[in-house]
Every structure is written in C-alpha cells, then in structure tokens.
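Q: Before I ask anything, here is the structure I am working with.
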Amino acid sequence: MGFFDSIIALALAVIGSFAFCFLGWTLVMPILAVLGVSSNKLRAAKPRGKYRKHVTKIDRYIESDRYDLALKEIEKAVILTTGRSENAINEIRDHNQTILSRAIIVSEQFGGRIHNLPDVERLLLERSEIQLIHLKTKDSLKNISKKRGKAGKKLPEWSASEFKKKLSAIEEKLSRNKQELESALKQLFSAIRKPSKPQSGDITYH
C-alpha cells in the first residue's frame with residue numbers, strides 16, 4: 001500500500017468512527033427525550049480538561065435560572081480553533097458537544113426549537129475529522145523528512161509538492177467548515193432567543 005493510500009485509509013477510518021458517534025448521538029437523543037432524560041440529566045457528564053471552566057460558569061447560570069446569561073456564555077464557549085495535538089482536538093470536540101447539551105437545556109426554558117441542531121453537530125464532528133486528518137498529514141511529512149534527513153537525503157520535490165497540495169486542500173476544507181459552522185451557530189442561537197410557532201414534524205427535546 002502506497003503512502004497516500006495509507007493516508008486515505010486513515011482518513012476513512014477516522015471519518016467512519018466519527019460518523020458512528022454522530023449516528024449514535026442522533027439515535028439516543030430522541031430516546032432520552034421519550035424517557036424524560038434531558039434537561040438536568042444532560043448535565044450528569046462532568047466537563048473535563050482546560051475548557052471545563054466555561055461549562056461550570058454556564059451551569060451556575062442555569063442552576064440560578066439566569067438563562068439569558070447562560071446563553072450568552074454558551075455563545076462564547078463554542079471553540080472553533082484548531083487543536084495542536086490529537087488529544088487537544090478530541091478535547092475540543094467533547095467540549096463543544098457538552099456546550100450543545102447546555103444549549104438544549106436553555107432552549108427548553110425559552111420554549112425554542114433548535115431545528116438545525118443535527119447540522120451543527122455534523123459540522124462540529126466534521127471539523128474534528130478534518131483537523132485530525134490535517135494533523136496526521138503534517139506529522140507524516142515531518143517524519144518522512146526527518147528519516148530522509150538522517151539518511152542524508154532530501155524529500156523529493158514531487159513528494160513535497162504532493163504534501164503541500166494535500167495540506168492546502170485540507171486547510172481549504174477547514175476554512176469552509178468554519179464559515180458554515182459560524183452561520184449554523186448564529187441560526188441556532190437566534191432560534192433559541194426567538195422561539196417559532198410549532199410546526200408539524202418539528203422536534204423538541206423535553
């Protein structure tokens with residue numbers, strides 16, 4: 001198997017794992033709603049890592065029924081920056097999922113319907129996937145260059161060019177994803193603040 005075939009195989013594996021997680025989340029949420037597991041019980045999972053202070057602050061506002069302040073904090077807490085390691089990328093992904101769970105809680109209190117929640121979740125997971133692929137590609141370039149350097153050889157120009165093209169394409173996807181996410185998040189927060197009239201087929205989390 002060639003190097004770029006390995007990269008493609010790795011990308012497919014990463015995408016597959018995140019797709020499985022996303023499918024699981026979308027299937028479980030309606031079931032939890034039917035069982036009455038939403039609201040406070042969504043907070044059962046404690047925030048982790050360096051971003052937990054944001055969630056702790058949001059939870060304090062929710063506990064004291066200051067939902068306007070909670071929503072403002074939620075808007076600031078979504079992280080769209082790129083992690084510098086696999087652990088950092090996964091931590092940001094988990095943090096953003098936690099923030100969305102708080103958005104659902106606040107939405108319930110406002111009587112809102114987050115119509116585009118699945119889109120936001122998909123874009124956030126997609127962002128993590130792309131970041132991981134970008135990281136793996138950069139690491140591969142670094143490792144190959146290092147090995148060839150130890151052997152007294154330079155990376156062939158055609159190989160370096162292929163890496164640059166690959167990285168450029170991935171970075172373009174990240175940029176596009178960020179634009180779509182910013183738009184989707186704006187729509188989501190607007191829907192929470194300005195509840196629409198119930199329509200047939202709408203999903204509300206209770």
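Q: Subtracting the Cα-Cα distance from 0.36 nm times the residue separation, let me have the gained length for ARG60 to SER190 in nm, one decimal.
A: Answer, rounded to one decimal: 44.6 nm.
Q: Over all distinct alpha-carbon pairs, what is the Kirkwood Rh of the stretch 76-201 in angstrom?
A: So the Kirkwood estimate lands at 16.8 Å.
Q: Full extension from SER183 to ALA88: what is 0.36 nm times the residue separation minus their Cα-Cα distance, to one decimal in nm?
A: 31.8 nm is the gain from fully extending SER183 to ALA88.
Q: Pop out the ³J(HN,Hα) list for the stretch 151-158 in order, Karplus 6.51 cos²θ - 1.76 cosθ + 1.60 with θ = phi - 60°, rounded to Hz; leave Gly and Pro as x.
A: Once rounded to whole Hz, the list reads 8, x, 10, 9, 5, x, 4, 5.
Q: Going down the table (LYS53/LYS76; LYS57/LYS173; LYS72/LYS186; LYS72/LYS136), which pairs top 24 Å between alpha carbons?
A: Correct reply: LYS57/LYS173; LYS72/LYS136.
Q: OK, next. Would you mind getting me the FRET efficiency between SER159 and THR81? Use the beta-carbon distance for r and R0 = 35 Å, nearest 0.05.
A: 0.75
Q: In the stretch 171-193, which residues have a backbone nitrogen under 14 Å from the label point lying 7 Å from ASN116's Cα in the Cα-to-Cβ direction?
A: Taking a point 7 Å out along Cα→Cβ of ASN116, the residues of the stretch 171-193 whose backbone N falls under 14 Å are 177-193.
Q: Taking 7 Å along the Cα-to-C-beta vector as the label spot, tell me the ILE144-GLN97 distance in nanometres, rounded to one decimal.
A: That separation, rounded to one decimal, is 3.2 nm.
No value in this document is a laboratory result; all are computed from the given coordinates. Because the structure is a prediction, the values reported are computed rather than measured. Cβ atoms come from the backbone with ideal geometry, glycine included; neighbour counts cover every protein chain shown.
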